[in-house]
Each structure stands twice: as C-alpha cells, then as structure tokens.
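We did not get these values from a lab; they are worked out from the coordinates using the rules stated. All values derive from a computational prediction rather than experimental measurement. Heads up, the Cβs are rebuilt from the backbone with ideal geometry, glycines too, and the neighbour counts pull from every protein chain shown.
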Amino acid sequence: MIPINRKIDRRRVLRGMLGGTAVTVALPFLDCFLNTNGTALADGQALPVCFGTWFWGLGMNPGRWEPPTAGKITEFGPELAGLTPYKDKVNVYSGTKVILDGRPMITHFTGDWAVLTGTTPREERVILPSVDQLIADVIGTKTRFRSLEVTSTGNAVHSYSRRAGAAVNPAEVSPAALYTRIFGPDFKDPNAADFKPDPQIMARQSVLTAVMAQRDDLSKTLGAADKARLEEYFTSLRQIEQQLELELQKPAPLAACSSPAKPQDMVLGSEIESVKGNHKLFAQILAHALACNQTRVINVTFNDATSSLRKQGSSMTHHVYTHEESIDPQLGYQPNVTAFIMNISSGLGDMVAALDSVKEGDGTLLDRMLLMASTDTGYAKVHSLDDIPLITAGRAGGKVKTGLHVVAKGDPSTRLGLTVQQAVGVPINSWGTDSMQTSKTFTEVMA
Amino acid sequence: MTNTSKPSGKGKYLRRLALCGAIAALGFAGAAAPALADGDAAGQVAMRRLTQDQYKQIVMDVFGPTVTLGGRFEPDMRDAGLLAVGAAQVSVTASGFEQYDLMARSIASQVVDPEHRSLLIPCKPASDKAPDDACAKAFLGKVGRLLFRRPLTQHELDAQVAAANAATVKTSDFYNGIGLALAGLMEAPEFLFRQERVEPDPDHAGQYRLDAYSKATRLSFLLWNAAPDPELLASAESGEINTASGLKKQVDRLMASPRLENGVRAFFADMLAFDGFSTLAKDTTLYPKFTSQVLRDAQEQTMRTIVDHVMVENADYRDLFTTRKTYMTPLLASIYKVQVQFPDGVLNPWVPYEYPEGAQVAGILTQASFVGLHSHPGRSSATIRGKALRNIVLCQKVPDPPGNVNFNLVQDTNNPNFKTARQRLEAHRTAATCAGCHKIMDPVGLAMENFDTIGGFRTTENGAPIDASGELDAVKFTDVPGMGKAVHDNASTSACIVNRVYSFGTGHAPNKSESQWISSTLATDFKESGYKYLALVKDIATSDVFYRAAPPQTGALDTPSKLASTGSQEVQK
C-alpha cells in the first residue's frame, strides 16, 4: 500500500520514467482510492456529485402531467407516466412561470432560455451562460470534459447549453461519434492494470503552451466584446490542456466504470423512432461517461423548442400539430400532440433508467446525480409561459430529497435553477435578473 | 415544356473565358471610388471566426487538394441575415476546440508525412530524429505567413520553433515536432479568427483605416472567400495596396481570376441560407424522390443559375427572380416535371434549360433550393416561404407571433372546408392578432404554392385547384411569374443586395454613417450600372469606405464570468 498522504509530483514521476521512450508501468493511485464497497473515496469523501439538463420542446398539456396532490408523489398525471418506476427518485415542480418584464415574447425561445439562464432574453441572442455551465465551472473542472452536450434531433445547434456569448455549445448528433469521442483511443480506463503514458501527449502540451503564451499580446488591441470572445477561446484551450494533463495520469479506479458497447452508425433526424433510438444510445453512453468520471455535467436535448419531431409518412410536425390540431372534444386534448408528449415522457424515463442502471455500492449513479428537465412553454398551443413543467431526477449525493411534488403558485422558474445550483455546491444565494431574480430555493426538497 | 438549350460540355476552359470576358466588359465598375469628406462613413473592425467554407478553402489553397480534413466544425451563426456577420459574434467552445484540435493534427500529420513532405516542406533536417532550427524556421515562417495572413513576428516565430523543438525532443521525430507546431498554428486564434488591425489614416487626419495586411485580407475574403494569396500579401508587405493604383491593380487581378466564382458562390450561399441544407429533412414516405442527391442538385442548380446570370451573362441582378433560364439534372427534371434531353452515358449530367415563355416559374424563388428549404418536412408552407422571402431577398424582419394566441381554428388539413393552404391561412389573416404579420407573409408565399415541399410542381392540393395570386407591398399579381416581377421591381430587392454584400465584406451590419453612404453612393452606383452584381462588388472593393475603421476601442476585459455574474456569490446560511 502506498501511503496516500505523501506528496508526489506525478508529472515529474512520469517524465522521469519516460526518459524519451514509452514504457508500460503500473502506477500507484495517486489521487484517490475507493473504499472497499465502492460508495466513496478512500479518504471518506463521497463520490462526486454530477449534474445534467434534459430539454424537450413544446411542454405538455396543462393538468395532465402534474401529480394530483402536492407533497409525496403517489401517482403522476398521465403524461408523466413514463416516470412511474422512478416516482421515489424524482421531483415534479408545477406552478412556476417565466415573467416577461415587458420584453417581447419570442416564441419557443424566451421560455427555454429564461428557465435555463435566469434572464428573460431581450432579443434573439442570449449572452448569459446557462445553469449547467455555471455548475460546470464549479464541479466540472477536474474531468476530461467540462460538460458533454448531445441532441437526438440530428442538428448540432439544438443545444440548450451555452457559455457567456452568442452561440450555443454545439451538441453531438451521432451516438457513434460521441462514443468515439469519449471511449475511443484517448480513453484511459481507470480500472486497467497497466498504464502507458504517451510521450506524444507531452509533445502536444508544449505546442499548446506556445499558443497560450500569445494571450496577452492578442488581447491588447481588442475591444471589450472581442476580448470576452478571446477569453472564451482560451477557456476552451485550457480544457484541452486539462484533457492532456489527465491523459498523462493513471486515473483512480472506479468500480462502476466500464465502456459501453460501441453503437452502430444510426440514421439521424427528427423522425420520432429515430429520435427515440438515438436518445437511448446517448443515455447509455452518457451514463457510462459519468460513471467513468469523464465528465460531471451532461446536457441532453430530446427535441428542439420548435419541435421538428414527426412520424414517418405524416406531413405534420409536432410543432405544426400544436397549432393546427383541434382539441378532441371527447378526450379534451390534441391527440397527435399528446402522442408526441408521451414519447417525450418515455424518453425522459429512458434517461433516468440509464442513470439508475449503473450500480455504485448499495445505490446507483442516479443517487449522486441531479438531472433537471425543462421545456420552453407551459402550453404550446397558445405559447403560454405559465406553469412550465419542471422535473428533477436524482438526489445530488444526498443534498436533495425526492419523491415530491412541489407547487410553486406563480413563482419564477428561477427558483429551480437556484435550487439545483445550491444542491450541487455552487456558492450562490440568488439567481436571475429583474422579476426572474430570486433568492428562494425550493426548501421542500433540500435535504 | 421543351428543352431549348443543348447539353453543357464545353468544359471549364470556355466557361472561364466567358467569365473573364464578362469582367473585362464591366461598365462603371472600374471608375474611381467615390470621394469622401472628413467625417464620412467608417465601421467598427471585426474579429471574425473563419467559417467552415473559409477554413476548408485555406487548407486546400495552402496544402493542396490531396490533404483531407477530418472532424467536424462548430456550427456557424447567422446574424443580420449573414453567417459572415455572425462570425463576428462567435468564439470557440470547448467541444469546438476539440474538433479544431483533431482537424489541425490530422491535416498537419498529412503535410509532414513522407508522401507530402518533399513537396510542402522547403528543407530537409540534418537528422530526422533531432531538432533543426533552420529547417523548422523556414517551414513555420513560410506556412505561418499564409495561415496568419501576415508574416509572423520574430517573437512568434521563435516561439513556434521552440515548440517544434520541444515536441521533437519528446518524440525523437523532427517531422512529428514540426507537424505538431503546424497544428498549433492552425489552432491559434490568429488563424481561426480574422482579427483586423487598424492604423491612423494618413489621408484623413484623426481617422483610421485597416492596416495593409487587414486590407488585403478583407479584400481577398470579399472576392474569393479565401485568404490572400502570396501576390496579395506581397502587395500588402510593400504598401502598394495602400495606393489607389495598387489597390485597383489587385482588385482587377482578383476579379479576373476564375476564383472569383468561389467568392460569388460563397456570398449567395450565405445570403440564401444554404447552411440550412446540412440538416434539411423531408418525409421520404410522402416524397420518395427526395434523396441526398436531390439536396445537392438543388443547391447546385441555384448556384449555376446565379453564376451564369451575374458573372457569365453579367445581367441585371433583379432578373434572378424572373429568369426562365436554369440548369437541370435528371433528378431535378423529374421533380419539376419538365422534359429535358440529357446526354447518354453521363452520370448525373447538368444541362442548361430554359422554361418556355409563360411557364409558372419565378427564377431562383421557385427552385427547389428556395421552396424546399423553406417548407415543413412533409408539406409546403406559404408562411415560411413568405417570411423567408421578406428576410432573405428584401432584408425585412417579420416580427415573431404574439403569445397566448389560440391557433385552433387556423389550419386543420383534415377539415373538408379548408382543402388548400390559402383557405387555411385565411383564418390567420382575418384574426386580428395574426393579421398584421400574416398579411405581409402569406400573400407572397401563397404564390409559390404550385411547388410542394421538395419543389415538385403541382396544380392542385387535396384535389382543389391552387390559386397562386397575391400581392407584395400593394403590387397585385395573379400567378408566380407575377410575383417574381413584383420582387424584381421592389425597391427593397436592390437595396437589400447592396446592404448584404457590404456586410458580407465588413462582417457587421452597417452603422448609421455607413448606411448613409450605402444609400447615397453605393445604391446609386448599383442602379446606374444596371444592377450588375459584379459592378457592385467592384465598387465596394475599390472604395475608401470599405477599408476605413472607426477609432479602435480597447476597454476593460469583460470576462465570461463577469458577464455571467447575475447572482451574489456567497451563500447565506
């Protein structure tokens, strides 16, 4: 057993061992050991908390998704039936709203970004970071990927994650490409017996250091806006440097870590069966990525806000149906729209199932996860910003109580954004701007 | 309908000859740039991320066509109607950097491999296994100048050589070392971003202009959508480009080059939002003719139509919305339902085609690239098409729909009383909350209803005849050629293209002073030229305003974390 309190400079060790040639070495676990049952690190620290967003477009039908009563969930509304197996592991938040403060209601844009950034956009450009990135800045700095974004729609811009700036973090559209990115040649299996540091990695570090060295010279001539964009570039560069740094280290073993099966190349696009199939594959790969500590923040788009979901052979999309389909007088809702909603709900169930399927000690990955599911509208038929369905899954490592239906009675949706940030450890006590600003978490769910 | 033209087969050479002839015959475009008084227009310089096409073009120009790209690009962003303007708003995300890193290393490894190194690296190291300062400096200095679009400073070159040497030592491989250093150059912000630099303008006291290299770069991307070639860089290095004659010489040279077609295609692909094709999907059960080849053919058809029209024919830009001349492939002819004679034994041949007089077409507006791109996956959309025409061709912004509007009665395709889109949309235009915007989109969009969601020609919808009448800004028409004529005659059509070409070149929407110059000078010149596109481009390229810059604005750094600070940072317990 190597004494873990002894300071060892890993890079110096590796450099010394390499001596210009690649060697295969079995290195000690420098950073952390798991305890014997795999539920915590050897020093007693819990396995790290993880966070995710799960976005779907076009909301749900009012009155058909909420559990019938506040407090402990005994059953869901019919449109969240896909979550029934996990009713003790999720929370539902009803009654929140997005407040416009006199700004234009940009359909299928205002609602999604107001929930995720805490600010009602003034125009079709958002400069504030989404909640996942605020969280990634706190919990995502020690992993290979600060965050991972995917979309099941086949369109990389269908991402609801962004850093400060005008563009979203592009989403991976292909499960096969995501697999290769995470579990391809650059993946270092934390449970592998041998570890072979690659001198090419150190060579690449030298080159990136030279790029980074230009930072100060470059920013001298720029205005404030361009400086901010350059800073984002260098933040991204640092992410690559960190990846290289981690690839030179023997990762700590993780009992629950294993590579998923490599997926085939799939048909991409907005046809619903294709979307469901790709989403399931994404869910499995992301669960493995979290279990293997490749990232601690994930962002999943099931369908975009102006949902282009469609059924093969139909001339109508989900979005078009929301505006053009009549309400069935017998059913009381739009049947085709609701069929898409049921698919979405089932997709959320698939995501939760994937997280819950990874066993870690006596629990599952879902126990240390907090997944926040949100959408752009309360009732798509009329573009309502009231009562936007919000759901969380997971206990954030014990920081969140689950199995609860919280009724907010018209509070801004930012209460959930603040709650999840505090739950995963972001040091913040208020969030949002103007009427969306709040300092009230959902105390009912805070453990 | 008949095939009135014979198959194209004369080859690229004749095509280029015709193009050059057209350029030589330009009218006013060679005239001196309009005189400017102090205080005249000047825009803010931009830091623009290379677009996907620009990146690909530079790689091909610098390393040749045998070096291939791996990986994917970050999505470009559209602002003020153009990706070229959105490029000045975006940065590089973490996942985007991963991809740039992958691509740069893939490209660099090909450049230094045994197959390419003798051609692309101008020297041989003393040893393949050890650093070689002289050779690394020769290679990195040469390639760095092309990639950064200016010479590297001594400090930059020394740093690159040091990085190459360090990488060589770690891997005992000289070529690997300079390959990684090359990858570093291609990941550097100086390559990925076109960062323009300004200097005091000696001809206008107190004002600024782009420095010579930034000027050369702005010109080259405007005309070729590519980085400056060695001759243009030499013109910047000598300062020749800062003289009126020197600039004119370079503009004439670039415009006489066959590469001008690349610039024309790039501009129109941007303006017509062809990036949307990368994710365009149609329901293949309903439209089995729709394939990925149709997607490619649709774009190429419009590009060929435009290139022939504005370059080879040097015709009135506005005629693009009325012309009956185009090109066909067998797939397109099948979709449009036209009879075309194709040559035997040629795979997917392109054949020039002219619709007969009276045909129900409106130039590029009724081509699959427009009506198909602006439709739902399974059906056409008069509203989306009308909005696209307003946004793209007329540069008009249509407001978003209001919230809390019930669409219940608007469109039910199963309703036997509302068989056609016109009938369904009538509800929109008669509902007070919807009418304001729909009356500016639908009447023009409905004129394109003879074309289904993939561009297929039809005369009925659900068994009812299609009525393609409508109006555009109070000009009434009875069919789609009438709509094309209304677009042709609309003052916004010519004003829009002038604005867009200028923005494409500068990377920003014109500010007030630039707008005044555009409307008073550029638009007038364009009109006097007979609305010739190349004359417009040349007018901009030779103008003083295009290279002038507002005073540099350097300010305190607003970091992302500062911008992100919407909440207090301490938890109160």
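Evaluated with a Cβ-only charge set (Lys, Arg +1; Asp, Glu -1), the protein assembly as shown carries a dipole of roughly 820 debye about its Cα centre, given to the nearest 20. Positive-end ranking of A:Thr414, B:Gly445, B:Val398 along the dipole of the protein assembly as shown, with charges on Cβ about the Cα centre, is headed by A:Thr414.
Relative contact order of segment B:106-198: what whole-number percent is it, with Cα pairs under 8 angstrom and at least 6 residues apart?
Rounded, it is 31 percent for segment B:106-198.
Residues A:Lys220, B:Lys170, A:Lys196, arranged from fewest to most other Cβ atoms within 10 angstrom of their Cβ, appear as A:Lys220, A:Lys196, B:Lys170. When a/c reaches 1.5 or more, the comparison of a/b and b/c decides; with that in mind, is chain A rounded, prolate or oblate per its Cα gyration tensor? Prolate. Approximating the spin labels as points 7 Å out from Cα along Cα→Cβ, the B:Leu119-to-B:Gln516 distance works out to 5.4 nm. With only the Cα atoms considered, segment B:259-357 has a convex hull volume of 131 Å³ per residue. Which one, A:Ile139, A:Ser258, B:Tyr502, is farthest towards the positive end of the dipole of the protein assembly as shown when Lys and Arg carry +1 and Asp and Glu -1 on their Cβ? Of A:Ile139, A:Ser258, B:Tyr502, it is A:Ser258. Modelled spin-label separation between A:Glu444 and A:Thr180, with each label point placed 7 Å from Cα along the Cα-to-Cβ direction: 4.7 nm.
Short-range pairs are left out: with C-alpha atoms under 8 Å and at least six residues apart, the relative contact order of segment A:393-447 is 41 percent.
Counting neighbouring beta carbons within 10 Å and listing from fewest to most, the residues A:Val320, B:Val307, B:Val340 come out as B:Val307, B:Val340, A:Val320. Which residue, A:Ser345, A:Ser315, A:Ser94, tops the fluctuation ranking in a GNM of chain A built on C-alpha contacts under 10 Å? Of A:Ser345, A:Ser315, A:Ser94, the most mobile in the Gaussian network model is A:Ser315.
Using a simple spin-label model with pseudo-atoms 7 Å out from Cα toward Cβ, A:Ala81 and A:Met212 lie 5.4 nm apart.
Quick one: grab the alpha carbon gyration tensor of segment B:437-511, order the square roots of its eigenvalues as a ≥ b ≥ c, and give me rounded if a/c is under 1.5, else prolate or oblate depending on whether a/b is larger than b/c. Because a/c hits 1.5 or more and a/b exceeds b/c, segment B:437-511 counts as prolate. Principal-axis analysis of the Cα atoms of chain A puts helix A:414-424 at an angle of about 30° to the longest axis.
When the square roots of the Cα gyration tensor eigenvalues are ordered a ≥ b ≥ c, the ratio a/c for segment A:40-162 is 1.5 or more and a/b does not exceed b/c, which makes its shape oblate. Of all lysines in the structure, those lying under 24 Å Cα to Cα from A:Lys196, and not within fewer than 8 positions of it along the same chain, are A:Lys7, A:Lys142, A:Lys188, A:Lys250, A:Lys262, B:Lys129, B:Lys170. When you restrict to C-alpha pairs under 8 Å that are six or more residues apart and normalise by the size of segment A:57-172, the relative contact order lands at 16 percent. When the charge dipole of segment B:145-263 is built from unit charges on Cβ atoms (+1 for Lys and Arg, -1 for Asp and Glu) and taken about the Cα centre, the candidate among B:Phe221, B:Leu192, B:Leu260 whose Cα reaches farthest toward its positive end is B:Leu260. Among the listed pairs A:Lys87/A:Lys276; B:Lys289/B:Lys387; A:Lys409/B:Lys387; B:Lys56/B:Lys485, those whose Cα-Cα separation exceeds 30 Å are A:Lys409/B:Lys387; B:Lys56/B:Lys485.
Going 7 Å from the Cα of B:Thr459 in the Cα-to-Cβ direction, what parts of segment B:335-368 have a backbone nitrogen less than 17 Å from that spot? The answer is B:336-339, B:356-361.
Ordering B:124-132, B:439-447 by mean Cβ neighbour count within 10 Å, with the highest value first, yields B:439-447, B:124-132. Three principal axis extents of the protein assembly as shown based on alpha-carbon atoms, in descending order, are 85, 84, 63 Å.
Legend: ranking of residues B:Cys123, A:Cys50 from fewest to most surrounding C-beta atoms inside 10 Å; resulting order B:Cys123, A:Cys50.
When chain A is treated as a Gaussian network with alpha carbon springs shorter than 10 Å, the biggest mean-square fluctuation among A:Pro412, A:Pro170, A:Pro329 belongs to A:Pro329.
Around B:Thr291, what is the net charge, scoring Lys/Arg as +1 and Asp/Glu as -1 over all other residues with Cβ under 10 Å from its Cβ? Working shown, then result.
Values: positive: B:Lys282, B:Lys289, B:Arg296; negative: B:Asp297.
Residues close to B:Thr291 contribute a combined charge of +2.
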